[in-house]
Each structure stands twice: as structure tokens, then as C-alpha cells.
1. Do any GluC sites (Glu not before Pro) in region 324-429 lie in a DSSP loop with no more than 12 other beta carbon atoms within 10 Å, and if so, which?
2. By the scheme Lys and Arg +1, Asp and Glu -1, what is the net charge of all other residues having a beta-carbon under 11 Å from that of residue 206?
3. Assigning unit charges at the beta carbon (Lys, Arg +1; Asp, Glu -1) and nothing else, what dipole magnitude in debye, to the nearest 20, does region 273-429 show about its Cα centre?
4. For residue 106, enumerate residues with amide H under 5 Å from its amide H, sequence gap 5+ or separate chain, H modeled in the peptide plane.
5. Dipole of the chain (Lys/Arg Cβ +1, Asp/Glu Cβ -1, origin at the Cα centre): which of 121, 383, 301 lies farthest to the positive side?
6. Hey, what did region 236-392 get for relative contact order, percent, Cα under 8 Å, at least 6 apart?
7. Give the distance, in whole Å, between the Cα centre of region 198-224 and the Cα centre of region 1-67.
8. If you average the alpha carbon positions of region 369-409 and of region 111-188, how far apart do those two centres end up, in angstrom?
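Nothing in this text is a laboratory measurement; each read-out follows from the coordinates by a stated rule. A quick note: this is a predicted structure, and the numbers were derived from the prediction, not measured. Cβ placement follows ideal geometry from the backbone for every residue including glycine, while neighbour counts extend to all protein chains displayed.
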Amino acid sequence: MTGLTVTDVRLTPVLVSDPPLLNTQGVHQPYAPRLIVEVVTEGGAAGFGETYGDTQYLDIARPLAEALPGRRVSDLNGLFTLAGTVEVDSARVEDSVDVGGLRGVQSADKLRLSVVSAFEVACLDALGKARDLPVHALLGGKLRDSVEYSAYLFYRWARHPGGRGEADDWGAATDPAGVVAQARRFARDHGFRSFKLKGGVYEPDEEIAAVRALAEAFPGAPLRLDPNGAWSVPTSLRVAAELRDVLEYLEDPTSGTPGMAEVAAGTDVPLATNMCVTTFPEIPPAFTSGAVQVVLSDHHYWGGPTRTRELAAVCRTFGVGLSMHSNTHLGISLAAMTHVASTVPNLDYACDSHYPWQSEDVLTRRLTFRDGRVDVSDAPGLGVEVDRERLAVLHRRWLDDDGTLRDRDDAAAMREADPEWVTPAVPRW
Ligand SMILES: O=C([O-])C(=O)C[C@H](O)[C@@H](O)C(=O)[O-]
Ligand SMILES: [Mg+2]
């Protein structure tokens, strides 16, 4: 076990270009914060992980980074124990709604798990490099050679308000025709075969029309709609009834487990969530009340790849399906998502990924989707190489920011276009 001892942990917050994607809380800011975690071992192996870069996450990552040297990258269980000792200012987080990740109610544990997830990925990457094994082998071995992803469609504007940020050539998508055009480009460029539309932006009838237009353009393709809990129970039931013949699942139609249970009782459309079940203690009430039929795993939420595999075992036990959620992320996270997804027997649905929306990355070679799938790398560790110059450029942007972009705030970005905008109360419709 020589050479596996951690000698240094480097934290590099970055700001990455992000398009004006709309959701129920507002619009993405022109740049999104991410944190790159690098774990260096005595033997010289460097492992990378990635997670949310907002201030609350950095506040936890810093003491954890200081405490890790001297431990081994193979000591993943010890990493969790160590993370549990990091103080979180609960008064600042408990029971407030997580506006950043659209993740339901925030808690100190959720923040801590999202931070430790990047450390676990970095440790696995370093361990794999030191032992000449891919990360999937450290998780028990891949069950498939590639992982399927779904096209993640967003209503969006052509440019950020005031022309801020980087321009792209996607144009606006604010109606059914725009959504279908976006989906066609995703299918053409990446081969995606299933489609998820981020909803909760327009009146439900407009979003129903967009999903209907998708169903006509892509007959038989699995479709999903996710308004992030913006609808009441009756509205959710109405949408489910109108789209029941084309939806693969309806994601977080309404907020909270009791409301989801009411909706589930009134429809045979499966309900999925990345909001009411994102930690283990949230599982019992949701599974026993039949509130969710599909959990969107996300290694950033659950504490890393090993905890995600534990979640998969619980879902198997209860006959609940498993898909995968994403927030704005770079290639390090896509590689980690792909490794863990390849090892989970019951990942029955195509995974979500924002990656096609990210024009910037910190990798020397971007990962690619072929036929909607990402190949599972057999190279040591995650199988990706970090471009230190790119990392430095994106970190410089973070350093140069006056603080306004260092915390995701979709409502603030919306106020650039609509000064009266406040985060809508739910149910919105
Ligand atoms: O499935 C989800 O809820 C998400 O992907 C949450 C994200 O924050 C998404 O709404 C976004 O990027 O605006
Ligand atoms: Mg969702």
C-alpha cells in the first residue's frame, strides 16, 4: 500500500460559460461556479473530482482538504467519517430551499455529501492511476461498455440579458417549434434517442404542447418533463392525464413527498425525482407511500460513486427504478457519472447530462456522445486528462469575479431581464 498516502489537496474554483437556460426559478447566469478537487499522493498520482463551486460548498471543502493529507486514497470509508467531522454552519442552511441546485430542501448533510462526492471521485481517480485500474474496476467492474444519456432540452433565450457572457449559435427556444428544433440538433450531433424537457417555465398547456410536438417529431421516443415541483397536485394530475401515452416518466411535478404521493395515486405515469429523495433518510417516507417510481441518482448528491451504488441496492430492494440527474458540469464529472453508471445493474433509464450545453471544459480532450452514449474508459483512473492551462484560465475568471457569479442565482439572472422577478412560490400553477 505504498505511495497511496495523500500529500496534498488542491481546490480550484472555476467559472464556466453557461447558456441562458430557463427553469422555474429564473435563468442560468452567464457563468456557473464549479469546484475542481485534486488529490496528490506520495507516489505522485494526482486524482481529480468535481462538484458545485458555490461558497457554501467551498466552506466545507477547505477544512476537508486540510484534514485529508496523511490518509490513504484507498480509505474511502474513512473519508466519510472525516467529512462528518467538518463543521457546517447549520443556521445558514437548515430547512432553506436550495435555490441553486433545484434540489428541494437544503441541509448541512446534503452540502457535506456534495463536497465529499468530489473528494471520493478524486481518491478513486488517484487510486486507479496508482494501481493501473479504471475507476469502474474499483467499483466492482463495468456491466456495460457504454452508458446511454438523454438529450436535456431547455427553453432558452438566444443571448443572456444585456448580451453578457459568451454567444452561441443555438438561437432561442421558447415554443414547441423551438424545442423540436433543439431536439433535432441534439439527435443529429450526439445521437440521443430519449428527450427530457425542463419545464415549469411556461403555462402547463404550453409545455404539454411542446411535449406533444416532440412526440410527433420523434415517434416512440422516451420523453420526460420536469417542472421542478412547480405544479399543484391537480395540475400535475391533469398534465399526467394529457401526456400519459407519450411520457416515460414525469419528474418532480409537484413539491414534497406527500404531494408526489397524491399524484402517484392518481396516475399510472411513473413519477421520478431528484428533489424529494436525495438522501437516505428521505427514502422511507417516499418509498412506503409510493410517491416515486424512479429515483434520479446523482453521485454529487449521494456522496460519491460508492454511496450511489448503495442507493441502487435500496432501489432494487423496493422495486423502484433508477435514472441519473445532472446539474451544469464538466468532463471530470461526466467521466465519474459514466464509470458509476456502468457498474449499476439496475440503471434502467438513459442518464441526464448538461454536458452538451458546456462549450468549455478543463480536459485536454472532451468526452463525446455517440448514438447518445459515452464509452466507459478502461484507462487508469477516470481516464481523462486535465488541461492545467484551461483550468488556470477558468480559475482566473473566478478570481476576477466580484462575487456576483460565485453563487448560482437563477432569480438574480432573471432580474437582469425582468427587474420585478422574484423566485416564484410553489405551486406556481
Ligand atoms: O433535473 C433537475 O431538476 C435539474 O437538472 C436541475 C437543474 O438545476 C436544472 O433545472 C437547471 O440546470 O436549470
Ligand atoms: Mg429534475
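1. Loop-located and lightly packed - 420.
2. Net charge around residue 206: -3.
3. So the dipole magnitude of region 273-429 works out to roughly 440 debye.
4. Under 5 Å from the amide H of residue 106 lie the amide H atoms of 95, 96, 97, 98, each far enough along the sequence or on another chain.
5. Result: 383.
6. 16
7. Result: 35 Å between the Cα centres.
8. Answer, in whole Å: 11.
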